[in-house]
Amino acid sequence: MASKAIFSTIRRSLTKPRGGAVSRGHHLSTSAATASESYAGDEHAIVMKGVRISGRPLYLDMQSTTPLDPRVFDAMNASSIYDYGNPHSRTHLYGWEAENAVEVARIQVAKLIGASPKEIVFLSGATEANNTVVKGVMHFYKDKKRHVITTQTEHKCVLDSCRHLQQEGFEVTYLPVKTDGLVDLEMLRDSIRPDTGLVSVMAVNNEIGVVQPMEEIGRICKEHKIPFHTDAAQAIGKIPVDVEKWNVSFMSMSGHKIYGPKGVGAMYVRRRPRVRLEPLMNGGGQERGLRSGTLATQQVVGFGVACELAMKEMEYDEKWIKRLQERLLNGVREKLDGVVVNGSLESRYAGNLNLSFAYVEGESLLMGLKEVAVSSGSACTSASLEPSYVLRALGVDEDMAHTSIRFGIGRFTTEEEIDKAVELTVKQVDKLREMSPLYEMVKDGIDIKNIQWSQH
């Protein structure tokens, strides 16, 4: 509770209005201080990108990024002042101090996932890690291994890396998922070939929050002696992660998903049994030759502290976030019908709640929820107006896929914010349904799925 109180105090002090103008200090949500107050006051009004908002929105987009933990900021600030040497300079004290700071962070990251510090490679984030593993492994073993297995619901950077390999002549199997978003283990087993060089499955889905059966997938890969990679950007620090139990050969991680800084992440590379990979970048040969370039010491330090805090507070965070998730879901369902949770409710990270609202258009709902910072599960804001590929893979009807909203709950989210989000969501859904002829027909007992619509 202490960390939440500290963060709320900082948010209040940083978001006090100065002469009615929006200051540069308004970089954090004022929702903790104002969630229970009226948003009508003009002195809090913000205009950006042509949109007028009556106050800083509630922040419920934790899968996109998380706010920097004040304790992480303190560590980075101190490191910026004292550890300004190049961590790769081996001839003087300043380099040794910076190197020591990096190695402490390497230990902190390794402890979070049950690995050896020697197996941690620092880089810019999970996207770079995913690209490095997927392309690097297959390029190294290209003479013998020409086949990759992944799922249809992976992050775009994994899917695009696989498509890149296909253009080079490799073959890729994109496994479908069940209606709950989980992989069919027998289908995975049946897809393995003698020339399969890599299996890549995301641990926790960024869009719907489902947790894959990692130990079972790892066991299958071990039986067939195939390297197993997982994108764990949404998993580390949120659910228990153990590279030995999961039997992963490679793991991708990101700092800004666990209240750390942006622009830094890590790649776990198993040492025994060793699997080789070709680096994406060439240069000074830093990070055991796998990622050349001078490390950003302060960002690495911040990532390490974020991992240490996540390890210490994971149990408390899990209980708090689960409580808020139930409060949000129950609050919405008590006042609205036609609300569907996308993805498994049992095998799920509680901080990701992806909901579809029947008879409501997702883009209109998002535009109406200007006072709540959330993301849509569909790509309804794009020019194509195509629904989310993840929801399509689950078999969600196109009309329901278009209405999905992802609520992201985190360490610093408050009950007041959840209650305000419920109030605003219910209000907007009711407003849109009042204008929907389809909803009127459903209330009148008409089964709209059996209506034969005619074209004129």
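The table that follows gives values for the structure above.
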{"read-out": "Cross-chain or 6+ apart pairs with Cβ under 6 Å, the stretch 50-63 first and over 25 Å from Q325 (Cβ atoms) and not assigned by the TED database to the domain that holds F407, then open to solvent by less than 30 Å² (accessible area, probe 1.4 Å) and not in a loop (DSSP other than H, G, I, E, B)", "value": "I53/I46"}
{"read-out": "From A350, A379, residue being modelled with pLDDT of 95 or more and either of a type outside the set (S, T, N, Q) or not in a helix (DSSP H, G or I) (or both)", "value": "A350"}
{"read-out": "Matching residues, the stretch 360-373, being surrounded by 22 or more Cβ atoms within 10 Å (Cβ to Cβ) and either in a loop (DSSP other than H, G, I, E, B) or without any contact (Cβ under 8 Å) to a residue 40 or more places away in the chain (or both)", "value": "V360"}
{"read-out": "Per-region count, the stretch 278-306, residues without any contact (Cβ under 8 Å) to a residue 40 or more places away in the chain and not polar (S, T, N, Q)", "value": "6"}
{"read-out": "Looking only at the stretch 182-208, and only at residues there that are of a type in the set (S, T, Y) and free of Cβ contacts under 8 Å to residues at least 60 places away in the same chain, the one that is nearest to S375 (Cα to Cα)", "value": "S191"}
{"read-out": "Test: residue in the stretch 266-289 that is under 23 Å from Y59 (Cβ atoms) and either open to solvent by less than 10 Å² (accessible area, probe 1.4 Å) or not assigned by the TED database to the domain that holds L112 (or both)", "value": "no"}
{"read-out": "Residues that are surrounded by fewer than 24 Cβ atoms within 10 Å (Cβ to Cβ) and among the hydrophobic types (A, V, I, L, M, F, W, C), drawn from the stretch 184-212", "value": "L185, M187, L188, I192, V211"}
{"read-out": "Test: residue in the stretch 311-323 that is aromatic (F, W, Y), modelled with pLDDT of 95 or more and open to solvent by less than 40 Å² (accessible area, probe 1.4 Å)", "value": "yes"}
{"read-out": "All positions within the stretch 220-232 that are part of a loop (DSSP other than H, G, I, E, B) and open to solvent by 10 Å² or more (accessible area, probe 1.4 Å)", "value": "H224, K225, I226, P227"}
{"read-out": "Tally, over the stretch 413-431, of residues that are open to solvent by 10 Å² or more (accessible area, probe 1.4 Å) and not in a helix (DSSP H, G or I)", "value": "1"}
{"read-out": "Strands (runs of 3 or more DSSP E) within the stretch 49-162 that include 3 or more residues open to solvent by less than 30 Å² (accessible area, probe 1.4 Å)", "value": "120-123, 147-151"}
{"read-out": "Residues of the stretch 163-178 satisfying the condition of being open to solvent by 80 Å² or more (accessible area, probe 1.4 Å), part of a loop (DSSP other than H, G, I, E, B) and either at pLDDT below 95 or in contact with a His (Cβ under 8 Å, 6 or more places away or on another chain) (or both)", "value": "none"}
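The values are calculated or read from the model by the stated rules, or taken from the named source; none is laboratory data. Remember, predicted model here, so these are calculated numbers, not experimental data. All Cβ positions, glycine included, derive from the backbone under ideal geometry; neighbour counts span all protein chains shown. Only protein heavy atoms, including side chains, enter the accessible area calculation; ligands, DNA and RNA are left aside. Shrake-Rupley method; radii C 1.70, N 1.55, O 1.52, S 1.80 Å.
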